[in-house]
Each structure stands twice: as C-alpha cells, then as structure tokens.
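The block underneath contains the structure these notes are about, expressed in structure tokens.
The values are calculated or read from the model by the stated rules, or taken from the named source; none is laboratory data. Quick caveat: nothing in here was measured; it's all calculated off a predicted structure. Heads up, the Cβs are rebuilt from the backbone with ideal geometry, glycines too, and the neighbour counts pull from every protein chain shown. These area figures cover heavy atoms from the full protein model, side chains too; ligands, DNA and RNA do not enter into them. Shrake-Rupley method; radii C 1.70, N 1.55, O 1.52, S 1.80 Å.
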Amino acid sequence: MDYQNFFRSALDTLRDEGNYRVFANLERHRGAFPSAACRGGPGEGEVTIWCSNDYLGMGQHPDVLAAMHSAIDASGAGAGGTRNISGTTHAHVELEAELADLHGKEAALLFTSGYVSNWAALGTLAGRIPGLTVLSDALNHASMIEGIRQSKADRMIWRHNDLADLEEKLASLPLDAPKLIAFESVYSMDGDIAPIAEICDLAERYNAMTYLDEVHAVGLYGPRGGGVAEREGLMDRITVIEGTLGKAFGVMGGYIAASTDLVDFVRSFASGFIFTTALPPAVAAGAAASVRHLKASTAERTAHQARVAEVRTRLDALGIPHIDNPSHIIPVMVGDPVKCKYISDLLLAEHGIYIQPINYPTVPKGTERLRITPSPVHSAEDVDRLVTALATLWAQCELARMPLAAQ
C-alpha cells in the first residue's frame, strides 16, 4: 500500500468537499481580547475574534493572570507527574473545593480537559456499574459518545431533547435496572437548551441517574455561574455535573462534581485520570481565581447577555439567517460548505474578522454555519464591522435572507 498517497487522497477529498480545515496563526494580546494579530496568510494583521469559547474574556482577566503568575513563581512550571504519584498540589485541591462549592456538591474531580472528563467519567461509570444502560441524547458531544462507546455498556440513543422518546425508552427497561441519562444543558452548535427539570422528573420516575454536561453554560448562567442547572434550581437533582475550565472560565481543564463516593469511585478507577500528568499548578490557580471571581461578579454575565441580544437584533434587521435559541450561541446559517469557507476566508482577508467555518462532520451536511459567540469585551464598533461585513458577503454570495415576517 502507498501510505502517503492514501493520506494525500483523503485530504484532497476533504478539500474538494470544502471541509478541509485551515488554522489561522493568531497571537492574542494581553488585555486586548478580542483583538489578536494574525501571522501569515491573506489575513495578516490585526483581527477581531468572533468565534472564541473564551465567552467572557476571562483568559485575559487581571485576577486570573495574577493568580497564574503567583503560582508559577511559587511552584514552578509543571505538576511533577500524575495525581497518583507526585502531581497533586495544593492548587489542585483548592480548585476542586471551589468547583464542588460552585455546584453544591460534596466533591469534585479535576481532569486535563472537558473532553477527558466526559470520556473518563462516562466510560468508568457505564463500564463498571453491572447491567447499566446509558440513555444518550442524539446530539451529545463526541467526548460523551466516546466515553459511552468505550464502556461497552448497553446504550439507547434518544431523539434530541425529545421527552416522549426518552420516556418510551426508559419504560422499556426494568424499573430496578441501573440506568444513566446523559445529556447537555446548552448544545454548542444550535445553541438550544435541554429541558432539565423534565428529564430529572423522568429520571426519578424510572430510577435513573443523570449526567449533565454544562461545559457551554458554566460561568455564564446562574447567580454564581453554576450553569443552567443552577439558574433553574436543579443542581441537587443531578447526579453528576460535568464542566470545563477552558470556555467561560478562560483557562484549561475539565471536571466532574458529584457525591463524595461517586467522585472517589471515578478517581480510583478511571484510566483517563489515573495515567495522565496533572495540570500545572499555575493553570489550576488561574482557573480557581476565575471561578471565584465569577461566583461573586454578575457584571460579565449581564454585559454578555446584552451584547448577544444586540448582535441578534442587528442580524435580524439585515435578514441574515441565524438559529433563534435561548442561549448565547448565534449560528449564522450558510448551508453550503464551500460558501461557508469562502465567507470565512473573506471575513479574515478583507475585513479583519476571524470566524471559523463549521462544516461536516461537526454539523450535518447542508447545515454549514458560522458560529458567532459575542462577548462582553466586543465593542459597539466591533458589532458594526461584523454585521456590515456579513451583509456585504451575503449579497456577494447571493445567499438567501430571512423574510421580514420571520424576523
């Protein structure tokens, strides 16, 4: 077999379909987010980032940076190994206490990323509880799917946010059989929100545990940034809450929060936790500072919601099609992979605006989009430039607009 030709051919197919991904070489400036320098390529120069998951700009917050500088000066760069051997530091212990408190749980466990926390926790719970069936929402994140798949547990896929389908599948199982309902609060591509209370009702009726991924909600919703479950007063009804430190909290890492025994069970059996080097203490310290700040401050969340509403209103006024949802994520729908990448390229090259195209396999074919994530640090001038550029490119690409009646 000609291995190199195989690789080249597969990549050529991606390019022909418009699904080949090109990374922009960006250099963020401390204190200047969402501005960044684009190094090399047609978009070289200063650009404004409109697709970051650093939703609140906390990756540049003075409290976070000060905590990281202090920790690296005190403890050095690395953690020294896995948590089981030499990598548990006081910074990790403090962060886990902050996270348990954030979600009103007895304990929390830190992982190197949100992907790893889902993969390791779901894989361990589903793989080690005898006879467990996992009921997984059809649009769950790849990390959840991989964890469930790795567990080799029985699984049922229920239609996205469809309570009737979920109940039908729960009712088909013996009442005393172990069950775990796995779902997300905010779904990152369409921006819709799960009916958490109703799912909890079904879980209690059919004797099931619940596993809620809040990665696109923590920091953004609830009085202290505990997520949608906190906002709706439901955290005590969720068995496991999973979150990330790499989005609204602006740093890096993932975690679960649950009962002491469940967390200790995952800590003791999850290979994705046991055999990986711990996050550097400076990262843990920065994340803890971010969590503490957003527990106490509502200013970032209030400004964020206002900016999201403003961008939606401006897009509506121009007829630019976007999915109407109750979250902070604005999917601007293109519906063609080639045009989606073309618009993304022109936004960068001609308008100094960075928005990555979202194409298959991240979203189904025919639903290609630009995923816009406004932040409280985007200015009114930034919004003007964004909507003006989109209006220009929509006309240039002869894309359909929303009729006035649908706005």
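Numbers below:
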{"quantity": "Pairwise Cα inverse-distance average, inverted: Kirkwood Rh of the range 57-158 (Å)", "calculated": "16.1 Å"}
{"quantity": "For residue 172, solvent-accessible area (1.4 Å; no DNA, RNA or ligand), Å²", "calculated": "80 Å²"}
{"quantity": "Accessible area in the full protein assembly, largest first, 1.4 Å probe, for 358, 145", "calculated": "145, 358"}
{"quantity": "Amide H contacts of residue 184 (H built 1.01 Å from N, under 5 Å, at least 5 apart or other chain)", "calculated": "213"}
{"quantity": "Lysines whose Cα lies under 21 Å from that of residue 169, excluding same-chain neighbours fewer than 8 positions away", "calculated": "152, 179"}
{"quantity": "Cα Rg, Dmax, the range 198-289, angstrom units", "calculated": "14.4, 44"}
{"quantity": "Accessible surface, 1.4 Å probe, highest first, among residues 259, 70", "calculated": "70, 259"}
{"quantity": "Order of exposure, largest accessible area first, which applies to 247, 365 with probe 1.4 Å", "calculated": "365, 247"}
{"quantity": "Two-site label geometry, residue 93 and residue 154: point separation in nm, points 7 Å out along Cα→Cβ", "calculated": "4.3 nm"}
{"quantity": "Relative contact order for the chain, counting Cα pairs under 8 Å that sit 6 or more residues apart, in percent", "calculated": "22 percent"}
{"quantity": "Solvent accessible area, Å² - residue 156, 1.4 Å probe, full protein context", "calculated": "50 Å²"}
{"quantity": "Sequence-distant residues sharing a close amide H with residue 372 (under 5 Å, placed H)", "calculated": "330, 332"}
{"quantity": "Cα-based Kirkwood hydrodynamic radius, the chain, one decimal, Å", "calculated": "22.4 Å"}
{"quantity": "Residue of 343, 353, 85 that the Gaussian network model of the chain assigns the largest fluctuation, springs spanning Cα pairs under 10 Å", "calculated": "85"}
{"quantity": "Long-range HN-HN contacts of residue 253 with modeled amide H, under 5 Å", "calculated": "114, 245, 246"}
{"quantity": "Unit charges on C-beta of K, R, D, E only; dipole of the chain, Debye", "calculated": "480 debye"}
